[in-house]
Amino acid sequence: MTQTETPRRRTLFLSFAGLGVFGCIWGATQPMTKVAVSTGHPPIGLLVWQLAFTAGCLGLIVAIRRMKIGLTRRHLFYYAVIGLLGTILPDMFVYLAAAHLPAGILSIALATVPIFSFGIALAAGNESFRPHRGMGIVLGVAAMTMIAVPDASLPEPGMAPWIFVALVAPVCYGLEGNFIGRLAPDDVSPVAVLFAASIFGLMVAAPLAWYSGDLIDLTQPWGDAEWALFASSVAHAAAYAGYMWLVGVAGVVFSSQISYVVMASAVGLSMIFLGEAYSVWVWLAIGLMGFGLTLVQPVGKLPKPVAA
């Protein structure tokens, strides 16, 4: 084995291991989110506590490890974009959609992140067009149409418009992934970035929730919804910090394939713990989506790992 092969093998191992571990953690947040919205808590109120729990968990790690948090104009702009595109906007729309869609269907919609990521990268000139990857986008669109159009694919026909609400989240993640891939500062760890972005998000979401009267009182005894919110927030922090690390190690398009694992684990866990069942149209859509994701996966060598 040559000296150049060893780092390459290490990068491959870390990339695929991270894809599996963080994908499963992220997938588990979907059924937990469904439970969190089950009692009618408003999305902005849920978002405030999610950001608070996330900031608390990550802040403890930052303090213990004495991680650097850059405060230059470039750093602050980066934290603001990550907070906006990575948490505030996508999570608001996920909470809205989760109240109306089965968790498994929601996870399929969120699995379109690689497709939107590639489309955005193509439009921005970060990727070159390849026919098979273009076909991947077509199959992804076909999969979502297969769920939204046939009457038999959803438990209720009125759920179909909420699929398009859910699709706002992967668009945001696609934009954010391209932003991370190009402008991520080298001197701040993913954990510190997510902590700072969570603080920014909290500063935006908390006043909005207070003004709208949607703050949630968690001083009362917790039920399943509150515990699910807490658990999903901790899992989200771990998975999202891991995703940002993975982008630095393996690149934006490879990292967006985490949607494979997220979709599979979310659908499986939703069937096990929430008792969800899906029509043949949904299973066909999952097959199309999986094939489409395969076509948009990256080609060529993985980049060298960066410091985390």
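Overview of values
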quantity: Some residue of the range 98-116 being under 24 Å from Phe230 (Cα atoms), buried (at least 23 other Cβ atoms within 10 Å of the Cβ) and either free of Cβ contacts under 8 Å to residues at least 12 places away in the same chain or among the basic types (Lys, Arg) (or both); calculated: no
quantity: Verdict on Arg65 being farther than 21 Å from Leu246 by Cα and basic (Lys, Arg); calculated: no
quantity: Cross-chain or 6+ apart pairs with Cβ under 8 Å, the range 145-157 first and farther than 10 Å from Tyr278 by Cα, then at pLDDT below 75 and not in a helix (DSSP H, G or I); calculated: Met146/Ser153; Ile147/Ser153; Pro157/Asp151
quantity: Test: Leu89 is within 29 Å of Lys34 (Cα to Cα), out of contact with any Pro (no Cβ under 8 Å at 6 or more places or on another chain) and either at pLDDT 90 or above or surrounded by fewer than 17 Cβ atoms within 10 Å (Cβ to Cβ) (or both); calculated: yes
quantity: Pair list, Cβ under 9 Å, 6 or more apart: the range 260-280 residue crowded, with 20+ Cβ neighbours inside 10 Å and of a type in the set (Gly, Ala, Ser), other residue at pLDDT 90 or above and outside any helix (DSSP H, G or I); calculated: Ser270/Pro102; Ser270/Glu276
quantity: Whichever residue in the range 216-245 is closer than 17 Å to Ile44 by Cβ and more than 24 Å from the chain's Cα centre (by Cα) and, among such residues, is surrounded by the most Cβ atoms within 10 Å (Cβ to Cβ); calculated: Leu218
quantity: Only listed residue being modelled with pLDDT under 80 and within 19 Å of Val94 (Cα to Cα), chosen from Pro161, Pro155; calculated: Pro155
quantity: Search result, residues across the range 44-68 that are more than 14 Å from Ser198 (Cβ to Cβ), buried (at least 20 other Cβ atoms within 10 Å of the Cβ) and of a type outside the set (A, V, I, L, M); calculated: Gly45
quantity: Residue in the range 69-80 that is buried (at least 18 other Cβ atoms within 10 Å of the Cβ) and among the hydrophobic types (A, V, I, L, M, F, W, C) present; calculated: no
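Conditions (1) assigned to a helix (DSSP H, G or I); (2) free of Cβ contacts under 8 Å to residues at least 60 places away in the same chain; (3) more than 15 Å from Phe77 (Cβ to Cβ), marked per residue:
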| site | (1), (2), (3) |
| --- | --- |
| Phe164 | yes, yes, yes |
| Ala169 | yes, no, yes |
| Gly174 | yes, no, yes |
| Pro185 | no, no, no |
| Val191 | yes, no, yes |
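The values are calculated or read from the model by the stated rules, or taken from the named source; none is laboratory data. Source: prediction; values computed, not measured. In this analysis, Cβ positions are derived from the backbone assuming ideal geometry, glycine residues included, and neighbour counts consider all displayed protein chains.
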